[in-house]
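Heads up: the structure comes next, in structure tokens.
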Amino acid sequence: MPRPWRPCGPLQDNVETALGARGREFAHLDAVDAGVRRPAPAPGEQTFDALVRPLGEDLDATVRQVAHAARKAQAARLPPRFRAEKDALDEAEDARMDSTGGGCHGKLQLTFYNLSPAGVEDSAVDLRLSADLDALAPRHGFFAWGAADAGEVADRGRYLDFLARGYHGGMAYLARNQELRIDPRRLLPGARSVLVFLRSYAWPAWPVPRGHGRVAAYARGKDYHRSMRNDLRAIAARLGADRARAFVDTGPVLERYWARASGAAAVGKNGLCLRPDAGSRFFIGIIVTTLHCPPSEPAPGDPCAGCDLCLRSCPTGALVAPRVLDATRCLSYLTIEHRGAIPPEFRAAMGVAVFGCDRCQDVCPYNRAPLIAGHEDARPRPPLAAPPLADLLFWNEPTFHAIAAQGAVARASWRGIQRNALIAAANSGDRALVEAYARRPSDPTLAALAAELLAS
């Protein structure tokens, strides 16, 4: 039996209403423009061309009107902040349809991914989806993307072992929703593909003058969660309101696994994703979709073969083996996620770090001269690109949150930032600043830390 392609959901009703009796005469709609694989007609079955071409421009205009109305109806269901962008994209699509030759056959663009197969696994949008994502990704600030078939994480044992060894420390959220992390199909019923998008934050090194604190490169600009979430949701909206879900670092998704599985990036010995053209300074965004996108080619080989600079550079021994991180020893975890006192054995290794650590990335040869420029949102923004330690110690909490509100530094608690600033002041030899804080501390625990630092 031939396998019919048909419009689905509200669009199917729109087509049948608009075309009336004519629409019900069609054996199947098998002429979707975009190079779609079309099933051969059964013996004696009329093809779409044979039915449609005699109807000429009347049907041609009707189909354009139906497609336009369907896209408008879908836009009305989107959050307001996405509607303007979708309207602009739809206007471009309408203009393209009007300029395409070939009569009705060339203009039957019931697009915005509202076509689905009837009872088969092949997707009518396979071939077109990849091409559209090639255009959408750079338009929304992503320098690369990849696709993988949705399914259970193949090396889930690595994730479960990480938890079993307690390497996640106080990040209890990493142990929650394990079944969702292991299989993204549980996040979206009917999910068939995981799409991975990469955005660079590789801006030139930012100077850290004496008396200032060091902030990890990814947190020197705007908070990537917000800007990437909006861009990913805009792409997801193009796929269909109910057909895709976007995640940026905060959902139950193993981003690094999917970056590798999709061929978008490899995983370095420091556990971070990397690419020879971009190094490791990039963010990862995920879209889980019920549409099927042909899987990308896997990343070739091991980009870290013969190199262990990152393993040797870690000042606390947090990289216990290639691609195995004990977060409880990592300065990024200790200065951002950890809410208690920093163990004395790790304080000297902090240097003047007040938020995060980049040492395993700084020594990576791929990060010396990346070919991919950083996204504008990652441009370092004073004063939090390298904040004065005195400011961090003597700002009150509302001031800190007001200044940090648009950046990733807000991830850390105000007390945690002050704790880090005290240790950084002591490590830089600024005893006078530690004494000044000790004279009028804002927190008894930090007062005890200042006294301990002065006594050491």
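The values are calculated or read from the model by the stated rules, or taken from the named source; none is laboratory data. Just so it is clear, the model here is predicted, and its values are computed rather than measured. Virtual Cβ from ideal backbone geometry, glycine too; neighbours counted across all protein chains shown.
Structure notes:
- Some residue of the stretch 251-262 being over 18 Å from the mean Cα position of the chain (by Cα) and either surrounded by fewer than 22 Cβ atoms within 10 Å (Cβ to Cβ) or outside the structural domain of ILE336 (by TED's automatic domain parsing) (or both): no
- Selection of first residues in the stretch 240-253 that are farther than 15 Å from ARG185 by Cβ and of second residues that are aromatic (Phe, Trp, Tyr), restricted to Cβ pairs under 8 Å at least 6 apart or on distinct chains, gives the following pairs, ordered by first then second residue: GLY240/PHE112; GLY240/TYR113; VAL248/TYR224; VAL248/PHE283; ASP249/TYR224; ASP249/PHE283.
- Among the residues of the stretch 380-400, just one is in a loop (DSSP other than H, G, I, E, B) and in contact with a Pro (Cβ under 8 Å, 6 or more places away or on another chain), namely ALA386.
- Failed item in (1) modelled with pLDDT under 95; (2) among the hydrophobic types (A, V, I, L, M, F, W, C); (3) buried (at least 18 other Cβ atoms within 10 Å of the Cβ), with ALA386 passing the rest: (1)
- The residues on offer are ILE403, ILE336, ILE417, and the sole one that is in a helix (DSSP H, G or I), free of Cβ contacts under 8 Å to residues at least 40 places away in the same chain and under 31 Å from the mean Cα position of the chain (by Cα) is ILE403.
- Scope the stretch 275-304; condition surrounded by fewer than 20 Cβ atoms within 10 Å (Cβ to Cβ) and closer than 26 Å to TRP203 by Cα; matching residues: PRO276, ASP277, ASP302, PRO303
- Residue within the stretch 348-357 that is touching a residue at least 12 places away in the same chain (Cβ under 8 Å), more than 30 Å from the chain's Cα centre (by Cα) and outside the structural domain of GLY141 (by TED's automatic domain parsing) present: no
- When residues in the stretch 312-333 are screened for being more than 24 Å from the chain's Cα centre (by Cα), part of a strand (DSSP E or B) and within 18 Å of ARG256 (Cα to Cα), 2 of them pass.
- Against the test of being among the acidic types (Asp, Glu) and within 25 Å of PRO298 (Cβ to Cβ), the options ASP183, ASP231 yield a single qualifying residue, ASP183.
- Exactly one residue out of TYR167, TYR159 is part of a helix (DSSP H, G or I), aromatic (Phe, Trp, Tyr), surrounded by 15 or more Cβ atoms within 10 Å (Cβ to Cβ) and modelled with pLDDT of 65 or more: that is TYR159.
- Yes/no for VAL352 being of a type in the set (Val, Ile, Thr) and surrounded by fewer than 20 Cβ atoms within 10 Å (Cβ to Cβ): no
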